[in-house]
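S.K.: Just dropping this structure here.
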Amino acid sequence: MASVSLIIGGIAVLSVGTYLMRFGSAKLGSRLALSEHSQALVSDAATTLLFAVAMAAMLYEGDHFAGMARVLGVVFALFLAWRKIPLIVVIISAAVVTALLRLAGMH
């Protein structure tokens, strides 16, 4: 297990990096003129990054496959979100479906 000082150092580095990115964005945002195509690429890049993180969290738990119960719970949540159900209902429903599938023996 990593030492506490290493974890705190990592948190500090990420915090400073996040602050610098936000500060730089605020200072350069008005001076930096991007074409519409470039703005679309930046927007798509952020969406793609969030999608990749969500897929990794859905499919893996540590080094192993998370199981079909989690995958089916997320698929159910996507269906509910597509039907424009309120977010809290989507989250609770997906958790209930996943729990019921695991209770039924699916992992």
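S.K.: For the chain, with every protein chain kept in place, what is the accessible area per residue (1.4 Å probe, Å²)? Could you put the intermediate results ahead of the total?
M.R.: Values: 8850 Å² over 107 residues.
Each residue of the chain exposes 83 Å² on average to a 1.4 Å probe.
S.K.: Just to confirm a number: summing +1 for Lys and Arg and -1 for Asp and Glu over residues other than Leu78 whose beta-carbon lies under 15 angstrom from that of Leu78, what do you get? Don't skip to the answer; put the middle values down first.
M.R.: Values: positive: Arg70, Arg83, Lys84; negative: none.
Around Leu78, the charge tally is +3.
S.K.: Can you send over the carbon and sulfur percentage of the accessible area for the chain, probe radius 1.4 Å, protein chains only?
M.R.: Roughly 73 percent, rounded to a whole number.
S.K.: Using Cα pairs closer than 8 Å and at least 6 residues apart in sequence, work out the relative contact order for the chain, in percent.
M.R.: About 20 percent, as a whole number.
S.K.: Still on this structure: Give the shape of the chain as rounded, prolate or oblate, defined through the alpha-carbon gyration tensor: a ≥ b ≥ c are the square roots of its eigenvalues, a/c under 1.5 means rounded, and otherwise the shape is prolate if a/b is larger than b/c and oblate if not.
M.R.: oblate
S.K.: Right, another one. Scan the chain and report its longest stretch carrying no trypsin sites (Lys or Arg not before Pro) that are both in a DSSP loop and have at most 16 other Cβ atoms within 10 Å. Present the calculation step by step, with values, prior to reporting the outcome.
M.R.: On the way: sites that count: Arg31, Arg83, Lys84.
Within the chain, the longest run free of exposed trypsin sites (Lys or Arg not before Pro) spans 32-82.
S.K.: Here's a follow-up. Taking N as the number of residues in segment 6-55, what is its alpha-carbon radius of gyration divided by 2.2 N^0.38 Å? Could the numbers behind the result be given before it?
M.R.: On the way: Rg = 14.4 Å, N = 50, 2.2 N^0.38 = 9.7 Å.
Scaled against compact globular proteins, the figure is 1.48.
S.K.: Give me the number: length gained by fully extending Leu14 to Ile88, i.e. 0.36 nm times residue separation minus the C-alpha to C-alpha distance, one decimal in nm. Let's see the in-between values first.
M.R.: Values: separation 74, 0.36 × 74 = 26.64 nm, distance 2.94 nm.
Computed gain between Leu14 and Ile88 is 23.7 nm.
The values are calculated or read from the model by the stated rules, or taken from the named source; none is laboratory data. As the structure is a prediction and not an experimental result, all values here were calculated from the model. Positions of Cβ are generated from backbone atoms using ideal geometry, with glycine treated the same way; all protein chains shown enter the neighbour counts. Only protein heavy atoms, including side chains, enter the accessible area calculation; ligands, DNA and RNA are left aside. Shrake-Rupley method; radii C 1.70, N 1.55, O 1.52, S 1.80 Å.
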